[in-house]
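This report refers to the structure that appears directly beneath it.
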Amino acid sequence: MSPLEKAHSLLQRRKFSHVISLLESGRNPEFYRESFDYYLTAGIACLYLGDTGNAGVYFQRARHIRMTDPTLLCAQAVIFLMHGYTDKAINYYVDVLDYDPNNKVALAAMEFIRTHGSDEELYKAVDAGEIKRFYPPLGVNPDVIKRIALSALAGVVLAFLIFNFGNFSRAIRGVKFPVSGSRADLSSLFLSVDEMGNAQKKDLAGGVYKYILTDSQIKKSYDLAMSNFQNYRENASQIEINRLLNSNASDAIKAKANMISTYFKEPTFDSLSDYNDNIEYSDVAKEPELYLGCTVAWSGRVSNAVTDGASYRCDLLVGYENMERVDGFVPLFFEVAPYPAIDGERPVKVLAKIQVENGKILLRGRAVYQPVKRER
């Protein structure tokens with residue numbers, strides 16, 4: 001199976017970060033340079049991750065290869081719609097209907113724009129995630145079908161056991177049923193008895209440790225890193241990993257803690273909202289190293305913006321969206337400039353990963369969201 005075929009399968013299974021990792025890490029420039037399918041697939045994955053900046057870049061490259069593809073035009077139109085450029089979105093949807101008069105996504109989007117004509121209505125719809133129904137459809141998730149089939153099979157087995165053995169508790173003992181929403185198997189990262197018994201470094205000479213922890217504190221922090229991951233709380237897990245890495249924990253425990261983060265999925269605007277793991281700027285400013293590698297969604301305005309080739313850098317004035325107060329100035333960098341470009345005259349929310357250099361906070365941008373324009 002080719003990388004693109006694998007990417008299509010992962011996309012249908014909603015493994016969006018895996019799609020990006022596969023295509024970017026396995027990309028052969030000579031082979032993919034003229035591949036419309038490559039750019040469209042990568043763009044759709046970024047769109048579903050909430051990374052509209054990189055999605056727009058991929059879609060633009062795809063359009064240089066093929067300008068009249070309805071799926072591509074719908075994908076570009078929804079980005080314009082999300083950012084309040086309804087006129088541009090309408091033009092794209094009209095083009096879609098010229099090529100495909102019965103396109104359900106374009107027809108539904110045009111009706112939505114007609115019935116949500118005011119800026120306020122559109123803003124509320126974007127904020128509530130209603131616009132997502134106009135994303136390119138992915139089809140039925142085969143993993144969902146598999147889970148339903150397994151659940152049905154489990155129900156049949158359970159009914160058989162109850163009917164034949166009468167004693168429910170004894171009948172199902174030792175029978176394993178599928179757990180919906182379970183994550184990666186981290187059983188190989190459980191601490192051994194020896195590791196728990198030697199949780200601290202024996203010789204602290206020559207080391208600099210921000211946190212001096214007892215055996216029980218090290219074990220508690222490690223257990224939290226594991227359990228937070230299983231509960232889809234990547235940021236909370238990363239904080240405990242950082243605590244261990246900056247502590248007197250043994251090298252073996254630190255190595256295993258580092259391995260936990262290799263299973264992380266990229267957080268999105270939605271996931272940070274769903275699990276309430278967005279981190280306040282004031283907390284990060286107190287102990288930057290504790291939040292290294294965490295993803296945040298911070299609002300504010302940008303200044304000192306510079307586009308250098310394909311990249312973009314600026315200062316994010318955190319908390320300044322209403323122009324009343326500034327919580328902090330943080331350098332923000334995008335390897336690929338967001339598309340559409342960030343409007344410095346309007347509030348902006350950025351999804352970014354925290355980096356630390358010389359004790360100072362830096363942000364590496366992943367996605368951008370700006371409220372719809374108030375003026376026409």
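Values for this structure:
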{"quantity": "Extreme residue, nearest to Pro288 (Cα to Cα), among residues of the stretch 356-375 that are touching a residue at least 60 places away in the same chain (Cβ under 8 Å) and assigned to a loop (DSSP other than H, G, I, E, B)", "calculated": "Gly359"}
{"quantity": "Only listed residue being without any contact (Cβ under 8 Å) to a residue 60 or more places away in the chain and either among the charged types (D, E, K, R) or surrounded by 13 or more Cβ atoms within 10 Å (Cβ to Cβ) (or both), chosen from Ser216, Ser192, Ser227", "calculated": "Ser227"}
{"quantity": "Residue tally, condition part of a helix (DSSP H, G or I), modelled with pLDDT of 85 or more and of a type outside the set (A, V, I, L, M, F, W, C), over the stretch 10-53", "calculated": "7"}
{"quantity": "Number of positions in the stretch 255-277 that are open to solvent by 30 Å² or more (accessible area, probe 1.4 Å) and either hydroxyl-bearing (Ser, Thr, Tyr) or at pLDDT 90 or above (or both)", "calculated": "10"}
{"quantity": "Every residue from the stretch 328-337 that is under 29 Å from Ala75 (Cα atoms) and not in a loop (DSSP other than H, G, I, E, B)", "calculated": "Leu332, Phe333, Phe334"}
{"quantity": "Any hit, the stretch 354-366, residues being over 26 Å from Asp87 (Cα atoms), touching a Ser or Thr at 6+ places or on another chain (Cβ under 8 Å) and not acidic (Asp, Glu)", "calculated": "yes"}
{"quantity": "Residue list for the stretch 328-337, filter: open to solvent by less than 40 Å² (accessible area, probe 1.4 Å) and farther than 23 Å from Asn242 by Cβ", "calculated": "Phe334, Ala337"}
{"quantity": "Residue within the stretch 297-313 that is open to solvent by less than 20 Å² (accessible area, probe 1.4 Å), part of a helix (DSSP H, G or I) and more than 24 Å from Val193 (Cα to Cα) present", "calculated": "no"}
{"quantity": "Subset of the stretch 89-109 (residues that are open to solvent by 20 Å² or more (accessible area, probe 1.4 Å) and free of Cβ contacts under 8 Å to residues at least 24 places away in the same chain)", "calculated": "Ile90, Asn91, Tyr92, Val94, Leu97, Asp98, Pro101, Asn102, Lys104, Leu107"}
{"quantity": "Enumerated helices (runs of 4 or more DSSP H) restricted to the stretch 243-286, each holding at least 3 residues that are among the hydrophobic types (A, V, I, L, M, F, W, C) and in contact with a Pro (Cβ under 6 Å, 6 or more places away or on another chain)", "calculated": "none"}
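The rows are residues; the columns are (1) touching a Leu at 6+ places or on another chain (Cβ under 8 Å); (2) outside any loop (DSSP other than H, G, I, E, B); (3) open to solvent by less than 40 Å² (accessible area, probe 1.4 Å).
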site	(1), (2), (3)
Met323	no, no, no
Val326	yes, no, no
Tyr339	no, no, no
Ile342	no, no, yes
Glu345	no, no, no
Ile354	yes, yes, yes
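Table: residues versus (1) hydrophobic (A, V, I, L, M, F, W, C); (2) in contact with a strand residue (DSSP E or B) (Cβ under 6 Å, 6 or more places away or on another chain); (3) surrounded by fewer than 18 Cβ atoms within 10 Å (Cβ to Cβ).
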| residue | (1), (2), (3) |
| --- | --- |
| Asp37 | no, no, yes |
| Ile44 | yes, no, no |
| Gly56 | no, no, no |
| Arg66 | no, no, yes |
| Leu72 | yes, no, no |
| His83 | no, no, no |
| Asp87 | no, no, yes |
| Glu111 | no, no, yes |
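The values are calculated or read from the model by the stated rules, or taken from the named source; none is laboratory data. Only a predicted model underlies this, so the values are computations on that prediction, with no experimental measurement involved. In this analysis, Cβ positions are derived from the backbone assuming ideal geometry, glycine residues included, and neighbour counts consider all displayed protein chains. Remember, those area values only see protein heavy atoms, side chains included, never the ligands or the DNA or RNA. Shrake-Rupley method; radii C 1.70, N 1.55, O 1.52, S 1.80 Å.
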